[in-house]
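The structure appears below as structure tokens.
Throughout, read-outs are computed from the coordinates displayed, never taken from laboratory work. Quick caveat: nothing in here was measured; it's all calculated off a predicted structure. A quick note on method: Cβ atoms are made from the backbone with ideal geometry, for glycine too, and the neighbour counts reach across all protein chains shown.
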């Protein structure tokens with residue numbers, strides 16, 4: 001199995017790279033964990049209506065892009081870290097210190113289990129001494145508040161589970177940008193987001209960072225997906241992309 | 001939106017192009033997506049330009 005961290009923060013590049021990895025990897029032989037995050041962006045589900053999910057005017061005013069992903073599910077706002085929540089030791093990387101981590105678990109269709117993946121995330125949080133539970137919608141909850149919402153994509157061969165983790169996001173911006181100006185005016189056949197009370201993990205674990213969350217999740221992923229799984233690299237282009245886009249944390 | 005750092009992987013490039021396209025971003029909700037044409041509102045035809053068709057969603 002392999003764990004990769006996408007180092008860029010461009011949402012379109014990250015989503016395209018995620019889709020490419022999903023379609024390139026032989027999921028019957030390899031489980032993959034991708035760890036990444038986006039610069040400020042609103043990402044909506046494949047079947048959502050942007051006019052009923054986001055405040056498009058506010059997005060335009062703040063020059064924040066919105067992106068439609070390939071998976072279903074609800075809207076997500078990838079935000080900058082709240083200024084006072086940024087750890088001092090990361091001062092030099094302040095501009096890159098984004099408050100919403102994203103991860104993708106790619107596996108074969110037969111062994112794909114939404115609940116098991118959500119439990120894996122909850123166990124990763126326990127490694128960080130955070131008690132987490134999983135809701136029936138496969139959201140990860142801490143103290144009854146949602147910290148992680150997931151979306152899924154399934155094909156005939158493989159499936160992926162990708163989700164965000166609220167570490168130190170600016171929730172004020174989140175509320176204003178995901179509150180559409182057209183609220184109540186448009187009836188949409190699109191899939192509506194399910195609003196939930198949210199909280200940042202930094203509220204109970206002030207020193208938690210994107211890097212420490214990634215480490216905990218990678219460790220838990222490697223333990224959970226144990227077995228003789230070998231990554232099948234397809235053609236040299238795969239290696240080139242790994243070298244240029246990803247930081248390889250391969251463990252056996 | 002610039003994608004200067006991306007490597008030349010055809011699949012990644014095509015996916016990025018599609019995700020950045022008007023059709024993908026706005027064309028998925030055809031019943032509610034309208035285009036201004038000569039002062040009137042004209043309902044846009046459903047445009048579904050997804051590159052891939054094997055997705056269950």
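Worth a mention:
- Placing dummy labels 7 Å off each Cα toward the beta-carbon, the span from residue A:60 to residue B:22 is 1.3 nm.
- Burial ordering of A:70, A:225, fewest other beta-carbon atoms within 10 Å first: A:225, A:70
- Cα-based equivalent ellipsoid of the stretch A:1-74: semi-axis lengths in Å, sorted from largest, via gyration tensor: 28, 14, 8
- Pairs of Cα atoms nearer than 8 Å and 6+ residues apart set the relative contact order; for the stretch A:1-57 it is 45 percent.
- Averaged over peptide A:63-72, the number of partner chain Cβ atoms lying within 10 Å of each residue's Cβ comes to 3.
- Stretching residue A:196 away from residue A:113 to a fully extended chain increases their span by 27.6 nm, per 0.36 nm per residue minus the current alpha-carbon distance.
- By average C-beta atoms within 10 angstrom, highest first, the peptides A:34-41, A:129-136: A:34-41, A:129-136
- Within 10 Å of each Cβ in B:10-18, the average number of Cβ atoms from other chains: 6
- Take each residue in A:9-17, count the other chain C-beta atoms within 10 Å of its C-beta, and the mean is 6.
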